[in-house]
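Chemist: For reference, the structure I am asking about is given below.
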Amino acid sequence: MSTEPPDVSGIRIGILGGTGDQGKGLARRFALAGHPVIIGSRDAERAQQAAESLGEGLAARGAENPVAAREADVVIVAVPWDGHRALLESLRDDLTGKIVIDCVNPLGFDKQGAYALPVEEGSAAQQAAAVLPGSTVVAAFHHVSAVILLDPEVDRVDLDVLVLGDDRTATDTVRALASQIAGVRGVYGGRLRNAHQVEALTANLISVNRRYKTHAGVRVTGL
């Protein structure tokens, strides 16, 4: 069996929620890696403004969410948790046949800090899979700091991206896409049923970052 990563050059990436910092940061890094990027939003004008803010010369444009979903080859979901289900339900047909990468972290916040929220389906990624039966859902990009992604002074993003899913071809594709971002390594992290642990770990990283005033990520040793 070949261990060569799949060729992902030229893949068009749509980002739902691309006007937020996380989505915009991922859009910037993928555009820098040479991928055509479509930033999706409920407001096409706002999406276009976000695309233009990434910098001159990058292949990024804005569009309404349904357009971004239809025209992209791979779609990243980077919306707030409270709008997750409703958005995906509204785009079910547009996302059929696509690899959908869910990076949403269901978190709550109180005076003690961040904490993981219970999800009926088990995780945000599993909720996406339940809502999108015609799509192939992969969980990834949960622990990437938006601050780091957007910082023009940061040339390399020093972390591993854990990639979870039930389809080998899809997880290999997402691992290869993650590795397109300079400094990042895509690492297979198991089946989609284990995505809740990865999503919940974000709460711990937020605590680390607040205590040590940094933007820590995750590295897997021994690989």
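Any read-out appearing in this document is the output of simple, stated calculations on the displayed coordinates, not a laboratory observation. For clarity, every value in this text was computed on a predicted model and none was experimentally measured. When we count neighbours, we look across all protein chains shown, and the Cβ atoms used for this are built from the backbone with ideal geometry, even at glycine.
Chemist: Give me, ordered by chain and number, the residues 5 or more places off Leu107 or on other chains with an amide H under 5 Å from its own placed amide H.
Modeler: For Leu107, whose amide H was placed from the backbone, the distant partners under 5 Å are Leu117.
Chemist: Give me, ordered by chain and number, the residues 5 or more places off Leu91 or on other chains with an amide H under 5 Å from its own placed amide H.
Modeler: none
Chemist: Between rounded, prolate and oblate, where does the range 77-170 land on the alpha carbon gyration tensor, with a ≥ b ≥ c its root eigenvalues, rounded for a/c under 1.5, else prolate if a/b exceeds b/c? Intermediate results must be reported in sequence, preceding the final value.
Modeler: On the way: a/c = 1.90, a/b = 1.26, b/c = 1.51.
It comes out oblate by the Cα gyration axes.
Chemist: Per residue of the range 141-147, what does 6.51 cos²θ - 1.76 cosθ + 1.60 with θ = phi - 60° give for ³J(HN,Hα)? Whole Hz please, x for Gly and Pro, Karplus curve as stated.
Modeler: 6, 7, 10, 8, 5, 4, 4
Chemist: Is the C-alpha gyration tensor of the chain telling us rounded, prolate or oblate? Criteria: a/c under 1.5 is rounded; beyond that, a/b larger than b/c is prolate, otherwise oblate.
Modeler: Rounded is the answer for the chain, as its axis ratio a/c remains below 1.5.
Chemist: Check which residues have an amide H placed less than 5 Å from Gly190's amide H, if you skip close sequence neighbours.
Modeler: Close amide H contacts, sequence-distant or interchain: Gly165.
Chemist: Separate question: Please sort by residue number the trypsin sites (Lys or Arg not before Pro) in the range 1-90 whose DSSP state is loop and whose Cβ has at most 16 other Cβ atoms within 10 Å.
Modeler: Of the trypsin sites (Lys or Arg not before Pro), the ones in loops of the range 1-90 whose Cβ has at most 16 other Cβ atoms within 10 Å are Arg12, Arg42.
Chemist: Looking at the chain as a GNM with Cα springs under 10 Å, which of Val187, Val119, Val37 has the largest mean-square fluctuation?
Modeler: Val119
Chemist: Out of the trypsin sites (Lys or Arg not before Pro) in the range 175-223, which ones are loop residues according to DSSP with at most 14 other C-beta atoms within 10 Å?
Modeler: Numbers: sites: Arg175, Arg185, Arg191, Arg193, Arg210, Arg211, Lys213, Arg219; in loops: Arg191, Lys213, Arg219.
In loop regions of the range 175-223 (DSSP not H, G, I, E or B), the sparsely surrounded trypsin sites (Lys or Arg not before Pro) are Arg191, Lys213, Arg219.
Chemist: Taking the Cα of Arg193, stepping 7 Å toward and past its beta carbon, and measuring to each backbone N in the range 93-132: which are under 18 Å?
Modeler: Residues passing the 18 Å test: 119-131.
Chemist: Report the extension gain between Tyr115 and Arg42 in nm, rounded to one decimal, defined as 0.36 nm multiplied by the number of residues separating them, less their alpha carbon distance.
Modeler: 23.5 nm
Chemist: Moving on to the next point. Can you give the log10 of the normalised intensity I(q)/I(0) at q = 0.18, 0.19 Å⁻¹, computed with Debye over equal Cα scatterers of the range 1-127?
Modeler: Evaluating at q = 0.18, 0.19 Å⁻¹ gives log10 I(q)/I(0) of -0.94, -1.01.
Chemist: Restricting to DSSP loop positions (anything but H, G, I, E, B) with no more than 10 other Cβ atoms inside 10 Å of their own Cβ, which GluC sites (Glu not before Pro) remain in the range 61-123?
Modeler: Glu120
Chemist: Restricting to Cα pairs below 8 Å that are 6+ residues apart, what does the relative contact order work out to for the chain? Please round to a whole percent.
Modeler: 18
Chemist: May I pose another question? Can you work out ³J(HN,Hα) from phi for every residue in the range 84-96, in order, using Karplus 6.51 cos²θ - 1.76 cosθ + 1.60 and θ = phi - 60°, giving whole Hz and x for Gly and Pro?
Modeler: Calculated HN-Hα couplings, in order: 4, 4, 4, 5, 5, 4, 6, 10, 3, 5, 5, 9, 4 Hz.
Chemist: Nearest 5 is fine: what % of DSSP beta bridges in the chain come out antiparallel, could you say?
Modeler: Percentage antiparallel, nearest 5: 15.
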